[in-house]
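Peer 1: Take a look at this one; I'll ask things after.
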Amino acid sequence: MDTELLARVQFAFTIAFHYIYPPLSIGLGVLLVIMEGLYLKTKNKLYEEMTRFWIKVFALTFALGVATGIVMEFEFGTNWATYSRFVGDVFGSALAAEGIFAFFLESGFLAILVFGWHRVSPKMHFFSTCMVSLGSMLSAVWIVVANSWQQTPAGYHIVGEGIKARAEIIDFWAMVFNPSSVDRLSHTLSGAWLAGAFLVLSVNAYYLLKGKHIEFAKAGMKIALFFALFASLFQLFTGHRSADGISKNQPAKLAAMEAHFDSSAAADLYLFGVPDVDTKKVKFGIGIPGGLSFMLYQNFSTPVKGLDAFPKNELPPVNFVFQTYHAMVALGMAMIGIAVLGVFLLLRKRLFEQIWFLRLLVVTVLFPQAANQLGWFTAEVGRQPWIVYGLLKTSDGLSKTVQANQILFSLIMFTAIYALLFVLFLFLLDQKIKHGPDTHEDEVAEYHTQISIIDDLKEGK
């Protein structure tokens with residue numbers, strides 16, 4: 001098999017698997033702040049039980065996120081040495097900032113978050129919750145900054161020639177606030193918030209269907225529904241801003257996203273279809289004539305740069321980008337509809353009796369996960385054949401000595417290990433959900449048991 005293809009498949013697989021967990025951590029982190037804040041304000045033990053339960057789920061997702069993220073750093077060196085040399089100055093500063101300002105903050109306060117009940121004051125524990133949530137989002141900031149620089153490079157100059165060429169930062173803040181970083185960050189965060197919100201909705205809907213932890217589930221669902229409504233509408237806004245930015249900075253990607261071929265014509269906005277690159281048509285396509293032109297320029301007849309404006313060897317896989325983009329949009333609109341309907345039913349006091357809607361909520365935990373993956377596929381495949389847009393092609397970023405059989409072997413091993421990790425994650429998550437929230441009395445009893453064990457150890461018993 002082709003070495004470049006295997007290297008790309010391996011990296012896509014490992015990062016796609018890793019990307020299951022950070023969005024959950026980010027979304028749950030914000031919800032934990034809301035839940036514990038409500039507990040401090042109202043002193044209602046229900047919110048304390050809610051916070052304690054979701055902290056356990058947060059800790060599980062955080063652990064899997066850390067474990068699965070380490071592999072990608074090694075892949076940069078083994079499979080993508082030329083690319084690593086080229087972007088090392090840029091990525092080194094961004095990833096160092098992520099480690100210092102984000103990971104240490106998040107992991108440092110995580111111990112207090114998980115084990116600090118009854119050991120620190122309620123306000124200190126809440127502060128720790130806020131810091132963990134902030135750390136998870138700051139981590140996303142620096143990762144997205146590094147990735148956005150690949151999409152829209154800024155604040156650099158090129159040093160060296162040929163395979164020794166590398167990008168060197170000359171303006172750190174221009175690199176950080178490159179043309180796509182803010183829009184991509186806001187869109188990424190809103191997707192992560194939706195992942196957390198729909199996980200909470202799914203679990204609470206399951207409890208209601210089973211007739212377990214009723215008050216706990218109702219209270220949690222109210223919080224998650226309003227948060228999901230905000231996050232889904234915010235994602236629609238950030239998605240529109242991202243499309244505007246892509247039209248200016250990566251027009252070939254936008255043309256592929258909507259399969260727009262003719263630069264002299266207005267661009268349609270498709271609901272679905274099958275692009276045919278040979279005939280330059282969208283088969284079975286249904287959409288709004290001139291809809292993309294209107295979104296970009298508020299005019300249905302304004303021409304939009306099409307795929308015919310670019311060399312054929314610089315075009316991304318059109319059909320793949322088109323399908324992943326439209327599937328992402330469809331899921332995003334579905335989540336808006338679900339959140340709006342859920343809030344409507346809640347306000348009409350009919351939510352908890354709608355069995356069909358609760359069953360729907362149980363499975364919608366997959367919606368934001370799928371949308372996040374599809375959005376990443378669109379962004380990364382859409383900039384092909386460039387690994388750094390306009391500067392370095394993917395084929396040129398590959399390590400010169402790595403062999404296809406080496407990558408294939410490691411890919412098989414990673415697949416087996418990640419499959420085991422995923423099964424373990426699902427098993428532990430299932431156990432936590434089936435166990436349900438601990439009551440306040442259970443927590444106090446557990447605390448006193450721990451103290452008793454410590455006392456016995458001190459006495460040598």
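Peer 1: Just checking, how many residues over the stretch 157-176 are touching a residue at least 12 places away in the same chain (Cβ under 8 Å) and part of a loop (DSSP other than H, G, I, E, B)?
Peer 2: Initial filter on the stretch 157-176 (touching a residue at least 12 places away in the same chain (Cβ under 8 Å)): 157-158, 163-176.
Next, only the ones that are part of a loop (DSSP other than H, G, I, E, B) stay: 165, 170-171.
Final tally of qualifying residues: 3.
Peer 1: Filter the stretch 184-237 down to the residues that are more than 20 Å from residue 358 (Cβ to Cβ) and more than 14 Å from the chain's Cα centre (by Cα) and list them by number.
Peer 2: 230, 233, 234, 236, 237
Peer 1: Quickly run through the stretch 101-156 and pick out the residues that are outside any helix (DSSP H, G or I) and under 24 Å from residue 392 (Cα atoms). Can you show your working first?
Peer 2: Start the filter on the stretch 101-156 by keeping residues that are outside any helix (DSSP H, G or I), which leaves 116-121, 152-156.
Result: 152, 153, 154, 155, 156.
Peer 1: Taking residue 281 and the conditions (1) within 17 Å of residue 240 (Cβ to Cβ); (2) without any contact (Cβ under 8 Å) to a residue 24 or more places away in the chain, which numbered condition does it fall short on, given that it satisfies the others?
Peer 2: Failing condition for residue 281: (1).
Peer 1: Run residue 275 past the list (1) buried (at least 19 other Cβ atoms within 10 Å of the Cβ); (2) in contact with a Leu (Cβ under 7 Å, 6 or more places away or on another chain); (3) not basic (Lys, Arg) and report the number of the one that doesn't hold.
Peer 2: With (1) buried (at least 19 other Cβ atoms within 10 Å of the Cβ); (2) in contact with a Leu (Cβ under 7 Å, 6 or more places away or on another chain); (3) not basic (Lys, Arg) applied to residue 275, the lone miss is (2).
Peer 1: So, residue 369, is that one under 23 Å from the mean Cα position of the chain (by Cα), surrounded by 13 or more Cβ atoms within 10 Å (Cβ to Cβ), assigned to a loop (DSSP other than H, G, I, E, B) and polar (S, T, N, Q) or not? Full working, then the answer.
Peer 2: Numbers: under 23 Å from the mean Cα position of the chain (by Cα): yes; surrounded by 13 or more Cβ atoms within 10 Å (Cβ to Cβ): yes; assigned to a loop (DSSP other than H, G, I, E, B): no; polar (S, T, N, Q): yes.
Criteria not met by residue 369.
Peer 1: Same structure, new question: Got a sec? Which of 263, 247 is assigned to a loop (DSSP other than H, G, I, E, B), among the polar types (S, T, N, Q) and within 30 Å of residue 392 (Cβ to Cβ)?
Peer 2: 263
Peer 1: When you go through 146, 205, 197, 192 one by one, which is the residue that is touching a Pro at 6+ places or on another chain (Cβ under 7 Å) and of a type outside the set (Asp, Glu)?
Peer 2: Details: 146 fails: touching a Pro at 6+ places or on another chain (Cβ under 7 Å); 205 fails: touching a Pro at 6+ places or on another chain (Cβ under 7 Å); 197 fails: touching a Pro at 6+ places or on another chain (Cβ under 7 Å).
Answer to the check: 192.
Peer 1: Taking residue 147 as meeting all but one of (1) under 16 Å from the mean Cα position of the chain (by Cα); (2) more than 27 Å from residue 40 (Cβ to Cβ); (3) not β-branched (Val, Ile, Thr); (4) not assigned by TED's automatic domain parsing to the domain that holds residue 51, write down the number of the exception.
Peer 2: Among (1) under 16 Å from the mean Cα position of the chain (by Cα); (2) more than 27 Å from residue 40 (Cβ to Cβ); (3) not β-branched (Val, Ile, Thr); (4) not assigned by TED's automatic domain parsing to the domain that holds residue 51, the lone unmet condition for residue 147 is (4).
Peer 1: So which of 428, 457, 411 ends up being of a type in the set (A, V, I, L, M) and modelled with pLDDT under 65? Give the derivation first.
Peer 2: Numbers: 428 fails: modelled with pLDDT under 65; 411 fails: modelled with pLDDT under 65.
Going through 428, 457, 411 in turn, the sole match is 457.
Table: residues versus (1) more than 25 Å from the chain's Cα centre (by Cα); (2) within 18 Å of residue 425 (Cα to Cα); (3) in contact (Cβ under 8 Å) with a residue 40 or more places away in the chain.
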| site | (1), (2), (3) |
| --- | --- |
| 23 | no, yes, yes |
| 28 | no, yes, yes |
| 31 | no, no, yes |
| 49 | yes, no, yes |
| 55 | no, yes, yes |
| 73 | no, no, no |
| 85 | yes, no, yes |
| 88 | no, no, yes |
| 108 | no, no, no |
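Peer 1: Let me ask something else about it. Considering only residues that are out of contact with any Ser or Thr (no Cβ under 9 Å at 6 or more places or on another chain) and surrounded by 16 or more Cβ atoms within 10 Å (Cβ to Cβ), look in the stretch 240-250 and name the one that is farthest from residue 200 (Cα to Cα).
Peer 2: The qualifying residue farthest from residue 200 (Cα to Cα) is 247.
Peer 1: Turning to a different aspect of this structure: For the stretch 35-58, check the following and say yes or no: at least one residue is modelled with pLDDT of 85 or more, over 17 Å from residue 216 (Cα atoms), crowded, with 18+ Cβ neighbours inside 10 Å and not charged (D, E, K, R).
Peer 2: yes
Peer 1: Answer yes or no: is there a residue in the stretch 381-390 that is surrounded by fewer than 18 Cβ atoms within 10 Å (Cβ to Cβ), outside the structural domain of residue 25 (by TED's automatic domain parsing), among the small types (Gly, Ala, Ser) and outside any helix (DSSP H, G or I).
Peer 2: yes
Peer 1: Scan the stretch 57-98 residue by residue and report those that are more than 21 Å from residue 17 (Cα to Cα) and of a type outside the set (A, V, I, L, M, F, W, C). Talk me through it step by step, then tell me what you get.
Peer 2: Within the stretch 57-98, the subset more than 21 Å from residue 17 (Cα to Cα) is 81-94, 96-97.
Result: 82, 83, 84, 85, 88, 89, 92, 93.
Peer 1: Now a separate question. All but one of (1) surrounded by 15 or more Cβ atoms within 10 Å (Cβ to Cβ); (2) at pLDDT 85 or above hold for residue 237, so report the exception by its number.
Peer 2: All conditions pass for residue 237, except number (1).
Peer 1: Another question about this same structure. Within the stretch 138-173, work out how many residues are among the aliphatic types (A, V, I, L, M) and within 25 Å of residue 105 (Cβ to Cβ). Show your work before the answer.
Peer 2: Step one: of the stretch 138-173, the residues among the aliphatic types (A, V, I, L, M) are 138, 140-141, 143-146, 154, 158-159, 163, 165, 167, 169-170.
Still in the list and also within 25 Å of residue 105 (Cβ to Cβ): 138, 140-141, 143-146, 169.
Matching residues across the stretch 138-173 total 8.
Peer 1: Something else now. Among 256, 267, which is the only one that is crowded, with 20+ Cβ neighbours inside 10 Å and over 24 Å from the mean Cα position of the chain (by Cα)? Please lay out each step first, then the result.
Peer 2: Details: 256 fails: over 24 Å from the mean Cα position of the chain (by Cα).
Being crowded, with 20+ Cβ neighbours inside 10 Å and over 24 Å from the mean Cα position of the chain (by Cα) holds for just one of 256, 267, which is 267.
Peer 1: A follow-up question, please. Evaluate the stretch 149-159: report whether one residue or more is under 21 Å from residue 371 (Cβ atoms) and not small (Gly, Ala, Ser).
Peer 2: The initial filter retains those residues of the stretch 149-159 that are under 21 Å from residue 371 (Cβ atoms), namely 151.
Pick out the ones that are also not small (Gly, Ala, Ser) and you get 151.
The answer is yes, given that some residue of the stretch 149-159 is under 21 Å from residue 371 (Cβ atoms) and not small (Gly, Ala, Ser).
Peer 1: While we're on this one: Exactly one condition in (1) surrounded by fewer than 20 Cβ atoms within 10 Å (Cβ to Cβ); (2) farther than 17 Å from residue 28 by Cβ is not met by residue 105; state its number.
Peer 2: Status for residue 105: all satisfied but (2).
Peer 1: Could you count how many residues in the stretch 325-349 are more than 22 Å from residue 240 (Cβ to Cβ), touching a residue at least 24 places away in the same chain (Cβ under 8 Å) and not aliphatic (A, V, I, L, M)?
Peer 2: So the answer is 1.
The values are calculated or read from the model by the stated rules, or taken from the named source; none is laboratory data. All values derive from a computational prediction rather than experimental measurement. Glycine also receives a Cβ, built like all others from the backbone with ideal geometry; neighbour counts cover every protein chain displayed.
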